[in-house]
Each structure stands twice: as C-alpha cells, then as structure tokens.
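Asks: The structure that follows is given in the form of structure tokens.
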Amino acid sequence: MSIAAKRIIILLVIIVVGVVLGRLAVRGFMNILLGGTMFGGNFL
Amino acid sequence: MSKVNKEKKVRAVPVGIGILVFVAAFIGGVVSKFAITPSWAKEYSVDWSDDLGTLKTDISYGDGEANKFDLYLPKDNSKDSYGLVVYLHAGGFTSGDKADDKKMLSWLCQKGYVACGINYTLRTDTNNASVLTQSNEIKAAVPVVIEEAKKLGYNVREMTMSGGSAGGCLAMLYAYRDAAEAPVPIKLLFEMVGPSSFYAEDWGIYGLDRDTDDSRKAAAGLFGVMGGVELTPEMIKDGSYQELMKPISAFRFVNENTCPSLLLYGTHDKVQPWNGVRHLVKALEDNGVDYKLFEATHSGHGVQNDNAVMKAYMETVDEYLDKYMPV
C-alpha cells in the first residue's frame, strides 16, 4: 500500500472518530443539563 | 538545515492536517446532532403557510402583558363545528413563548383542528407569578379562545389540552382540575415531562428528599414559589404542605370522568422527577382512565436520547386525536 493510500485511510478514521466524539460530546452536555444516559436509545 | 530537521518538518505537515481534519470532523459531529431531524419527526413539524388556513396572532384574553394567544384556523371553514387543540409552551414557568410551538400548532391546524398557543405571565424576580396564577390565566383564556374562534366562524364543540414541561403541567391542571368548568368537553390530554405532583421525597434531583433542615427549607422555598403559597420547613416535615400544594398537583384531580391521557417522561429527568410520575399513573389506573405512559429510558427532560419512544408517542397522539376528537 502506498503512503498516500495509508494517509487517506488514516484521515477517514480520524473523520469518523471526530464525528462520533462530536456527537457524544453534545449528548454528554445535554445529559448534564437534562439527564440521560451516554449510550443506548438513539444511535450516538 | 540538517537532515533530521527536514524529516521532522516532513512529518509535521500530515500531523497538522490530521489535527485540522479531526477538529473539523468534531465540529461537524456537533452540528449534525442539532441539524439532522429524524424523517418521521418532519410529519409533525409543519412550516406555516397561508395554504394551511388563517393565523391570528396576539389576541388578548386579559389585562396582563402576556395575556395573549395565537389562533390557527384551518382552511376549510365550511364545517358546522370544530375540535380545538390548545398547546401550552415549555420554559420552566419562567421563559418561553407560544411561537415556540408554531410548527406543532401548524401540524394540528393542517389536520383540521382549530389550534391555539396561549402565553401566560412568566415568573420573574419582581412578580409573584406562580404555577397557580399561570394555571388560572389558562383557565381564564380558554373561554375567550372559544368565543374568538366562534366570532371568526369556527364553532368549537370539544377540545384537547396539550403541552410540554411547564406547558404540560398547566395543560394537566386545566384538563383535570378545571374540566368541569370548561366551556366545551375536554376529550384528550397529551403532554410530555410536565410535573403533576410535589412530594419532597420525590424531588431528590434537587436534594429535597434528604429530610434535613436544609432540604426542608429548600423544599419550602421551591414548592412555595411554585404554589404561590407561604410554606415553612415545619410544614414540609409534618406533611401539611400537601394540602396547600393541591391546587397545582394535577394528579389529585383525576377521577372517573378524567379525559384519556397520553404521557411521555424521561426516566433520568433532572428537571422534574421521574419518581413523581407514579402518583399520576396510580390515579389514572385507580380511576380506570384510558391512558398511555411512554417511558424514555435513556433520556432526561428533553427526551433527547429516545427518538423511537418519541415517535411512538407522536404516532399515538395522532391515533388518539382521530379516535377521541375526529376532525
């Protein structure tokens, strides 16, 4: 696998992790304000 | 430049790009959480347009600055009579506006109902507004709403009360406490996360359940403000506060004539206690009322983590409106 391909895969993983953490951060913040669980119910 | 420094610089570029991409993706995740609406929810969230009917705003029902309501009148004005749905806004009794529920009210109007959002005097540091005075304002508003609809050519024959949070509490008070004095029969109540009982032992979310001097003082303060009454820590201790809280404790007015009720609550609610819901459920059970309780088991006050439960609630609201107050 070329270095360019590896870098693209790494960037895709970073994007997925970033989006997931962003959504979890909002869920966590809302849970602090309103109550709720971090997991279960809605996907993310 | 040495060879080592050159290599460091070459590595720093992709790392920097990686950090930037992460930050952008994180922000995208945050935005997506607010921006993406489930497809099913769009059905119950309608943008108002003149094709739906006529919207009359800020009609006065009293002397207070906040004593105003909006009336959503359906396009078809040829019927002999109409069902009215009142939806009361949320906001912790201290904020919010009837316009906050415009999309919900537009959906109800689209279904063929006369829909109405009513403002009530919000509690501030400088007024004595309480849940009691707010509920009395709603009680005063409903006959005016029905009269105004009649003047505009929409004869109201029956009604549904509804709302969210503070609005849910006020909707319950009108539907349960004031039903006998309503100008038209109340056929249905649907509400989410509205408090219906005020027992200190249920309000652990604010530490009122600790049975200490401080907790009793806090309970006397909070419940006193909500009920518009003077409470003392001693009254909390001996239980005599309950009689003074009765006028705003909706569950205590449930009887065999109480309208069918749809209730939605988050079991992790940090604003109004899930523990208190059991009194309402017991009262509805004991009196044989047709009710459904929707439990959002991953959510708090916003029912924010349980779209499936929210969907089931809204579908049942739709079904019960068709069943108990057909257009």
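The values are calculated or read from the model by the stated rules, or taken from the named source; none is laboratory data. The model shown is predicted, which means the values in this text are computed figures rather than measured ones. Here the Cβ positions follow ideal geometry from the backbone for every residue, glycine too, while neighbour counts run over all protein chains shown.
Asks: What are the residues in the stretch A:28-44 that are at the interface with chain B (Cβ under 7 Å from one of its Cβ atoms) and either more than 15 Å from B:G302 (Cβ to Cβ) or assigned to a helix (DSSP H, G or I) (or both), if any? Spell out the reasoning first.
Replies: Step one: list which residues in the stretch A:28-44 are at the interface with chain B (Cβ under 7 Å from one of its Cβ atoms), which gives A:30-31, A:34-37, A:40-42.
The answer is A:M30, A:N31, A:L34, A:G40.
Asks: While we're here: Does B:L73 qualify as being at pLDDT 95 or above, surrounded by 13 or more Cβ atoms within 10 Å (Cβ to Cβ), in contact with a helix residue (DSSP H, G or I) (Cβ under 9 Å, 6 or more places away or on another chain) and farther than 30 Å from B:D306 by Cβ?
Replies: Here the answer is yes, as B:L73 does meet what is asked.
Asks: Now a separate question. Being touching a helix residue (DSSP H, G or I) at 6+ places or on another chain (Cβ under 9 Å), basic (K, R) and within 11 Å of another protein chain (Cβ to nearest Cβ) narrows it down to one residue among B:K292, B:K270; which is it?
Replies: Numbers: B:K292 fails: within 11 Å of another protein chain (Cβ to nearest Cβ).
Exactly one of B:K292, B:K270 is touching a helix residue (DSSP H, G or I) at 6+ places or on another chain (Cβ under 9 Å), basic (K, R) and within 11 Å of another protein chain (Cβ to nearest Cβ), namely B:K270.
Asks: As an exercise: evaluate B:V13 against (1) over 26 Å from B:V131 (Cβ atoms); (2) within 14 Å of another protein chain (Cβ to nearest Cβ); (3) touching a helix residue (DSSP H, G or I) at 6+ places or on another chain (Cβ under 6 Å) and give the number of the one condition it does not meet.
Replies: Unmet condition: (3).
Asks: Given B:D238, B:D211, which one is charged (D, E, K, R), within 19 Å of B:P273 (Cα to Cα), surrounded by fewer than 20 Cβ atoms within 10 Å (Cβ to Cβ) and not assigned by TED's automatic domain parsing to the domain that holds B:N127?
Replies: Of B:D238, B:D211, the one residue that is charged (D, E, K, R), within 19 Å of B:P273 (Cα to Cα), surrounded by fewer than 20 Cβ atoms within 10 Å (Cβ to Cβ) and not assigned by TED's automatic domain parsing to the domain that holds B:N127 is B:D211.
Asks: Let me ask something additional. In the stretch B:303-327, which residues are in contact (Cβ under 8 Å) with a residue 60 or more places away in the chain, assigned to a loop (DSSP other than H, G, I, E, B) and within 14 Å of another protein chain (Cβ to nearest Cβ)?
Replies: B:V303
Asks: Under 8 Å by Cβ, and 6 or more places apart or on different chains, what pairs join a residue from the stretch B:144-173 that is modelled with pLDDT of 95 or more with one that is basic (K, R)?
Replies: Final answer for the pair search is B:E148/B:K56; B:L152/B:K56; B:V156/B:K150; B:E158/B:K187; B:M159/B:K187; B:T160/B:K187.
Asks: On the given criteria, is B:V86 out of contact with any Lys or Arg (no Cβ under 7 Å at 6 or more places or on another chain) and in the same structural domain as B:F253 (by TED's automatic domain parsing)? Can you show your working first?
Replies: Details: out of contact with any Lys or Arg (no Cβ under 7 Å at 6 or more places or on another chain): yes; in the same structural domain as B:F253 (by TED's automatic domain parsing): yes.
So B:V86 fits the description; yes.
Asks: What are the residues in the stretch B:202-258 that are of a type in the set (V, I, T), farther than 20 Å from B:L122 by Cα and assigned to a helix (DSSP H, G or I), if any?
Replies: B:I205, B:I236
Asks: Kindly establish whether B:D50 is among the acidic types (D, E), out of contact with any strand residue (DSSP E or B) (no Cβ under 9 Å at 6 or more places or on another chain) and in the same structural domain as B:V156 (by TED's automatic domain parsing).
Replies: yes
Asks: Which of the residues belonging to the stretch B:24-69 are exposed (fewer than 13 other Cβ atoms within 10 Å of the Cβ), within 13 Å of another protein chain (Cβ to nearest Cβ) and not small (G, A, S)?
Replies: Within the stretch B:24-69, B:F34, B:I36, B:T37, B:P38 qualify.
Asks: Can you pull out the residues in the stretch B:100-148 that are part of a loop (DSSP other than H, G, I, E, B) and either under 16 Å from B:L71 (Cα atoms) or not β-branched (V, I, T) (or both)?
Replies: B:K111, B:G112, B:Y113, B:N119, B:Y120, B:L122, B:R123, B:D125, B:N127, B:N128, B:A129, B:S130 - these are the residues of the stretch B:100-148 that are part of a loop (DSSP other than H, G, I, E, B) and either under 16 Å from B:L71 (Cα atoms) or not β-branched (V, I, T) (or both).
Asks: Sticking with this one: Sort out which residues of the stretch B:149-186 are in a loop (DSSP other than H, G, I, E, B), farther than 22 Å from B:A283 by Cα and of a type in the set (A, V, I, L, M, F, W, C), and write them in order of number.
Replies: B:L152, B:V184
Asks: Taking the conditions exactly as written (surrounded by 21 or more Cβ atoms within 10 Å (Cβ to Cβ) and in contact with a helix residue (DSSP H, G or I) (Cβ under 9 Å, 6 or more places away or on another chain)), does B:C109 satisfy them or not?
Replies: No; evaluated as a whole, the condition is false for this residue.
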